[in-house]
Every structure is written in structure tokens, then in C-alpha cells.
1. Does Gly61 qualify as being farther than 24 Å from His141 by Cβ, at pLDDT below 90 and in a loop (DSSP other than H, G, I, E, B)?
2. Can you tell me which residues in segment 208-226 are more than 26 Å from His273 (Cα to Cα) and either of a type in the set (S, T, N, Q) or not in a strand (DSSP E or B) (or both)?
3. Step by step: first the residues of segment 253-264, then only those that are buried (at least 19 other Cβ atoms within 10 Å of the Cβ) and modelled with pLDDT of 90 or more, then the one that is nearest to the chain's Cα centre (by Cα). Which residue is that?
4. Of Ala52, Ala118, which residue is crowded, with 19+ Cβ neighbours inside 10 Å, among the hydrophobic types (A, V, I, L, M, F, W, C) and under 14 Å from the mean Cα position of the chain (by Cα)?
5. Just one of the numbered conditions (1) modelled with pLDDT under 85; (2) under 20 Å from Arg276 (Cβ atoms) is not true of Tyr134; which one?
6. Determine if segment 72-85 includes at least one residue that is modelled with pLDDT under 50 and of a type outside the set (Phe, Trp, Tyr).
7. Taking Arg287 as meeting all but one of (1) at pLDDT 90 or above; (2) surrounded by fewer than 16 Cβ atoms within 10 Å (Cβ to Cβ); (3) within 18 Å of Gln191 (Cβ to Cβ), write down the number of the exception.
8. Within the set of pairs 6+ apart or on separate chains, which have a first residue in segment 237-263 that is more than 19 Å from Ala197 (Cβ to Cβ), a second that is part of a helix (DSSP H, G or I) and of a type in the set (D, E, K, R), and C-beta atoms under 6 Å apart?
Amino acid sequence: MTVVRVPQRWRRLGWGRAIGLAVAGPLGALVALAPALAEGGAAPPSTASFTAIDNAWQVSGTTDTSVTIAPGGKVTFGYPHGMTVHNADFGSGPAPTSCAVTAGLNIGSVPPLPRSPAPPGWSGTCTFNTPGTYHFYCDQHPTVMRGTIVVSTGTTTTGTNTTRTQPSGTGAGGSPLAGTPARAVVVPGRQHGSVLAGTVAIAKAGAGWRLEIDLLASLHRHAAPVRVGRFGKGGLMAGKLRFRVALSSSAVRVLRSSGRLSLGFTLILRPPHGSRVVVTRKLVQLR
């Protein structure tokens, strides 16, 4: 039997169990990839962290914006470095059991954490006792800075990370996307010129929905992002839809002068009735 020593910091992230399965052979790999086939799989971690960067959320140093934790788990939010202001607001949806500011400005009850968007140097921790899905966003950048925390029921194994997606709901008919967001929404991370192009695969459940795409960018140093492009189409049909989003004249001027433009990409699918689905990405447009 081979003994694998797992560093303590990996254990805190819930990786110790995954590593054990990986070295146990093919059977262990099957259990890791298909947790629904066996009860009593690895439990979700009890801690997680979201770091604000300009302008996105990142889970534990990755590009993910969604995480699953166990009931009673704690999630740390922080903004260590940057040039603008951020916070984490749960809006009118489910809220954490409790939150506490651990560094930076403490100017009112939380959440939001901090109470208002604040400059770099703040951090705080929220506790989640009740199973469910918690969506949050930055009050300063509500369109591009969104994240999701799933508190499991404690009886089944779920993935801890997803693609950079923030679904607000899929309705009774299922997801409007044909496949995972990473596969269904195809938009190259680097493109050239004044038009951004891509495709989105619509499932049968998405027929009749409306598609909206917003592009956001900071056109001046330290300035908050503004919308620099929009695309909309209603009455969607199942299949692959190609889209092209033209940049605004002000965005084109910045692109031509600097040679590149960092974009926040937000794709929104709205049903005739019910909740929307939102997919966000970070892109770079080149001259």
C-alpha cells in the first residue's frame, strides 16, 4: 500500500480526499468523477475564499466564481490589491447566517461586506448554516462581478467549482443552454478589431427566450466600467446562434490609442416568465 502525505494547506481546501482517490487506482477515479453513483463520497469543504480583482471575483486563486461548501461553512471575502472599490452584496436573495469584517473599513452592519464598496485592504468572513444557493455581486460593478455559493445538504457529493457562470435560474423546462456554459458559450478570449464575435448554443428549453449581451470596459484610468457594446435578440430558436457586438466609438478610440482593451462580457438569457441565466467572462480586444 502506498502512503501519500497531503500538505496541511491542501487538506484545508478539501483536496486530501481527492488525492487519495486519485492514487487508489481506476476505481477511485470513477468514484471521483461520478459521485452520484455512490453515497458517502467526499464531503464538500467547510471553508472557501473569494478574492476581488479589478473587476472580477476569483475562488481560491482560480478563475471560478462559484463554490460549494458544507453547512456551517465559512467563506472569506477580500480585496487585497487594486485601483477601484468593491464589496460583496447578497441583495434581496438568501443571505449568510452572519458576517464579520476582519480588516479594513467597518462602517455599518454586514452584509453587504463591507457595507459600501471600499478600496483595497478589506476582508471579512461569512458563515452559511442553511443549505441553498447564495448569489452575490459587487455594488460598484453589479454586471461583471457576480459569484455563487452553494451550501450542500450534507448528504451528497457535489463539485466545488464551476465555470465563470452565475445562473439565477433555469425555469421548469431545464437549462436554455445546450451543454455546460463553458461549451455552449464560445467567445475567444482575444479578438482583433472593433467587433467582438462568438456563438451560443441554445437548447430546446431555451426556445422563445431572449438573449442580451453587454460589453463593459474602463475607458479612463481608475474609472468605473461602462457599457461599450450591446447585442439583443428575442424569440430564440434551438440551435447555434452567431452574434457580433460592435464596440462604441469611445471604446474604439481607446483601443486604437492603447492597442488593447480589457472587456467584461456578460451574456444574459431571459425567459418569457421566471428567472434569467447569466454567463460572464473576461476578454481582451486587440487593435
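1. The answer is no for Gly61.
2. Ser218, Leu219, His220, Arg221, His222, Ala223, Ala224, Pro225
3. Top of the filtered list is Leu263.
4. Going through Ala52, Ala118 in turn, just one is crowded, with 19+ Cβ neighbours inside 10 Å, among the hydrophobic types (A, V, I, L, M, F, W, C) and under 14 Å from the mean Cα position of the chain (by Cα): Ala52.
5. Among (1) modelled with pLDDT under 85; (2) under 20 Å from Arg276 (Cβ atoms), Tyr134 violates only (1).
6. So far as segment 72-85 goes, no, none of its residues is modelled with pLDDT under 50 and of a type outside the set (Phe, Trp, Tyr).
7. Of everything listed in (1) at pLDDT 90 or above; (2) surrounded by fewer than 16 Cβ atoms within 10 Å (Cβ to Cβ); (3) within 18 Å of Gln191 (Cβ to Cβ), Arg287 misses just condition (1).
8. Within 6 Å, the pairs are Ala238/Lys204.
The values are calculated or read from the model by the stated rules, or taken from the named source; none is laboratory data. Computed from a prediction, not measured in an experiment: that's the story for all the values here. Neighbour counts run over all protein chains shown; Cβ positions are idealised from the backbone, glycine included.
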